[in-house]
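Structure record follows, encoded as structure tokens.
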Amino acid sequence: MFSFSRKFLILPMLIGIGLSSSTGWAASLTDKVSLQAVMQQHIDSQLVDGAYLRLETDTGEVVPLYPDTAHTIIFEMGEHFVLCYDFRDGEGSAVNVDFYLARADSSFVVFHTSIGDRSTLKMLMKEGRCPSSNDLRQLAS
């Protein structure tokens, strides 16, 4: 099982948000910080004994995933946003989780979570509905 202190992830994450390319994005730096905070709060609220539980729908197995690293890049998809987070399974293998967020009054809410499946984000990027930068070409391929 993985153990870490998220306190050590917050500062680099916030610095990375400020340094991320934001060309053409309507989201302000305040929005970006709020989006990251809402994603982190969502993850924290879902943890069971330190794990984010994933139901394998084909087998019925419940797989614990452990938060590892938040990505600093925020995708804008019209009025919605996509944020990514690396988790680790019990063997230490990386599992990418994409969180889809929407504005809700003065904050944001997570409305969809894609665990270990980048096909939706890749499709949105390929269709131009979720702009990507040159640094993310490998994700779209």
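The values are calculated or read from the model by the stated rules, or taken from the named source; none is laboratory data. From a predicted model like this one, the values you see are computed outputs, not experimental measurements. For neighbour counting, all protein chains shown are included, and Cβ atoms are generated from backbone atoms with ideal geometry for every residue, glycine included.
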Pick from region 115-141, criterion modelled with pLDDT of 90 or more and of a type in the set (G, A, S), ranking: surrounded by the fewest Cβ atoms within 10 Å (Cβ to Cβ): S119
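Residue by residue, here is whether (1) among the hydrophobic types (A, V, I, L, M, F, W, C); (2) in a strand (DSSP E or B); (3) within 15 Å of the chain's Cα centre (by Cα) holds:
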| site | (1), (2), (3) |
| --- | --- |
| S34 | no, no, yes |
| H42 | no, no, yes |
| I73 | yes, yes, yes |
| N96 | no, yes, yes |
| L101 | yes, yes, yes |
| V109 | yes, yes, yes |
| G128 | no, no, no |
Going residue by residue through region 26-33, is there one that turns out to be among the polar types (S, T, N, Q), closer than 22 Å to C130 by Cβ, surrounded by fewer than 15 Cβ atoms within 10 Å (Cβ to Cβ) and in contact (Cβ under 8 Å) with a residue 40 or more places away in the chain? no
Of residues in region 84-94 being surrounded by fewer than 16 Cβ atoms within 10 Å (Cβ to Cβ) and over 11 Å from the mean Cα position of the chain (by Cα), the one farthest from V38 (Cα to Cα): E91
Let me confirm something: among F108, F81, F75, which residue is in contact (Cβ under 8 Å) with a residue 60 or more places away in the chain, surrounded by 18 or more Cβ atoms within 10 Å (Cβ to Cβ), in contact with a strand residue (DSSP E or B) (Cβ under 6 Å, 6 or more places away or on another chain) and of a type in the set (F, W, Y)? F108
Filtered residues of region 44-71 (kept if touching a residue at least 60 places away in the same chain (Cβ under 8 Å) and either polar (S, T, N, Q) or in a helix (DSSP H, G or I) (or both)): T69
